[in-house]
Amino acid sequence: MKRLFLIVWLVIFLAGCDAAAATPPAETDSPAPATASETVLTSTPLPPTPTPELELLPLPLAPQRIEFQAEDGVMLVGYYYPAAANPAPVVVLMHEGGGNQTDWLYVGMVSWLQNRGAEIPTLPEKKHFDTPYPFPPLPEDLSFAVFTFDFRGNGESAGKMDRNEFILDARAAYQTAAGLEGVDPAWVTGIGASIGADGVVDSCEACAGALSLGPGDWLGMPYGPAVTAMDDEKKPVLCVAAEDDQTSVQACNGANGQYYQKQIYSAGGHGMQLFRIENNLQPSIETVILDFLEAILGLP
């Protein structure tokens, strides 16, 4: 009897073990399956939010003295007047014979183009213009960087004055201006008077356009062919002269091209004399200059 009880108990025990083995244990320690959104976040991180580019601040108002070199090694001196924007278009101003780069300061051209409220210095000696020209204010959102320099043998620049080499100086000035901090190298234009009027055109390899105030084949290169070379590259040129300056009128009339224009006044003198207040030119000289610069910029 006792033996029969042991056999029955053993059968019940073995049956219970089989049932327990057939039922898998509960997974109480396993984490809950991830939802679809959680799967995306863990397997494919979202791209970071783009960081906006830092806006470049304008350079200080004060001019910077720049020493640079012509390709023949002559050391030249210029001054950089930064614009109120960064980067900004730059205007390279080339002085007339017998003058120097400060002529553009005294006539008020630098302050006008810079459009940052810079004072016009007092004229230390009598020039073709006795007082600064009354430039009207530019639009508030328009400001040009300005680069002036002395041709060799003039002002602060070294070397012997040689008009046959002035083209080298003008070319170096364009290249230097294009590389200045705060300047847009794609927008470099030149404005020159007399020898500078030829220089801005004769050396325009890195410029977008040029305005000549009284050219006259002064640097050994005929003005007309120099304009044609620029016109072939679709670079605009504006020639300005007065009837009482026949040499310059002949230079202007001897040039042509699809992108070439001229403004001939009935009177006004030569080069920087065009800025004399008593001339009362119509259209005004500043209107002619501004219209030309705005056309190059593509402004309405």
* To do: Report, by residue number, each residue of segment 138-148 that is under 19 Å from residue 191 (Cβ atoms) and assigned to a loop (DSSP other than H, G, I, E, B).
  => 138, 139, 142, 143, 144
* Failed item in (1) surrounded by fewer than 19 Cβ atoms within 10 Å (Cβ to Cβ); (2) of a type outside the set (Gly, Ala, Ser); (3) within 25 Å of residue 179 (Cβ to Cβ), with residue 237 passing the rest -> (1)
* Structure fact -> Those residues of segment 245-266 that are assigned to a loop (DSSP other than H, G, I, E, B), in contact with a helix residue (DSSP H, G or I) (Cβ under 7 Å, 6 or more places away or on another chain) and not polar (S, T, N, Q) come to a total of 4
* Does residue 152 qualify as being within 20 Å of residue 218 (Cβ to Cβ) and charged (D, E, K, R)? -> yes
* Within segment 114-137, restricting attention to residues that are in a loop (DSSP other than H, G, I, E, B) and polar (S, T, N, Q), which residue is farthest from residue 79 (Cα to Cα)? -> 131
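Here's the yes/no breakdown for (1) under 21 Å from residue 98 (Cβ atoms); (2) among the charged types (D, E, K, R):
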site: 137; (1), (2): no, no
site: 165; (1), (2): yes, yes
site: 168; (1), (2): yes, no
site: 182; (1), (2): no, no
site: 198; (1), (2): yes, yes
site: 228; (1), (2): no, no
* Report yes if residue 190 is among the small types (Gly, Ala, Ser), closer than 19 Å to residue 227 by Cα and part of a strand (DSSP E or B), otherwise no. => yes
* Residue under evaluation residue 210, criteria (1) in contact with a Lys or Arg (Cβ under 9 Å, 6 or more places away or on another chain); (2) more than 26 Å from residue 252 (Cβ to Cβ), criterion not met -> (2)
* Structure fact -> Only unsatisfied item for residue 181, checking (1) among the acidic types (Asp, Glu); (2) in a loop (DSSP other than H, G, I, E, B); (3) touching a helix residue (DSSP H, G or I) at 6+ places or on another chain (Cβ under 9 Å), is (3)
* To do: Look through segment 122-164, keep the residues that are of a type in the set (Asp, Glu) and surrounded by fewer than 19 Cβ atoms within 10 Å (Cβ to Cβ), and return whichever of them is nearest to residue 297 (Cα to Cα).
  => 141
* To do: Please work out which one of (1) assigned to a loop (DSSP other than H, G, I, E, B); (2) out of contact with any Lys or Arg (no Cβ under 9 Å at 6 or more places or on another chain); (3) on the phi < 0 side of the Ramachandran plot is the condition residue 151 fails and give its number.
  => (2)
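Every number in this text was worked out from the coordinates using simple rules, so none of it is lab data. Quick caveat: nothing in here was measured; it's all calculated off a predicted structure. Note: ideal-geometry Cβ built from the backbone for every residue, glycine included; neighbour counts use all protein chains shown.
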